[in-house]
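Just so it is clear, none of the values below were taken in a lab; they were calculated from the coordinates. Please read these numbers as outputs of a predicted model, since none were measured by experiment. Heads up, the Cβs are rebuilt from the backbone with ideal geometry, glycines too, and the neighbour counts pull from every protein chain shown.
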Amino acid sequence: MTPKQFKQLTKAEQRVAVAKDVLAQIKQERYVAKTSVYVELSRSNEDLEEKPVKENIHKIKKCKVCAIGSTILSIAKFKNTIDFDDVTNGGFSQRADSLLGTVFGKKQLALMEACFESLGSHPYARNTYNYTLPLEDRTKCINFYQDYRSQTDRLQAIMRNIIKNEGVFKP
């Protein structure tokens, strides 16, 4: 899919396209699911750090990603030019956060983060991405996490859930 085609999709269709791309990247072993990181390039990718994601994502040999990290890389592939520096080094730059917010809303980001990282019972989950998760949602996130103990299985389940629910993550 080209960036122009991506732009013509509705927000829900964009989220489905991103989820499908994340699954494809996992299958190709470019994305490796890992909790407690956003995006961590392997040493073999260090030459990419100051380059635009969109133009260089095909060069990734392997990188560790969480649910949010995987989505930002796939969004950048379709939507915008941010540098790998914007998504590595311990967090996202303001440009990357802004790009992420154009496709996924605060509630969706908070739910994905809580389900992938097992933050359902953690106080941080109450206010993730400036969205306060209600107790009912945090409980769903705990159950989701427990259903998918493998990080890879959990990330794939999140993306399949987005596809199944036509662009909305429902734990």
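Side notes on the structure shown:
- Mean residue ellipticity (222 nm) of the chain, computed from DSSP H runs ≥ 4 via -39,500 (n - 2.57), nearest 500: -15000 deg cm²/dmol
- Angle between the chain longest axis and helix 11-27 axis [Cα atoms, degrees, rounded to 10]: 70 degrees
- Helix 135-147 vs. the chain, principal-axis angle (Cα, 0 to 90°, nearest 10): 70 degrees
- Crossing angle, helix 151-164 versus the chain [Cα axis fit, 0-90 degrees, rounded to tens]: 90 degrees
- A Stokes-Einstein calculation at 4 °C with viscosity 1.567 mPa s, built on the Kirkwood radius of the stretch 3-164 over Cα pairs, returns a diffusion coefficient of 83 µm²/s.
- Cross-link reach list, aspartates and glutamates versus LYS51, counting only Cα pairs under 12 Å and skipping chain neighbours closer than eight places: ASP83, ASP85, ASP86
- Dipole magnitude of the chain about its Cα centre (Cβ charges: Lys, Arg +1; Asp, Glu -1), debye to nearest 20: 500 debye
- The stretch 3-164: relative contact order as a whole-number percent, Cα under 8 Å and 6+ apart: 25 percent
- Subset of LYS7/LYS54; LYS59/LYS164; LYS4/LYS77; LYS77/LYS106 violating a 19 Å alpha-carbon distance limit: LYS59/LYS164; LYS77/LYS106
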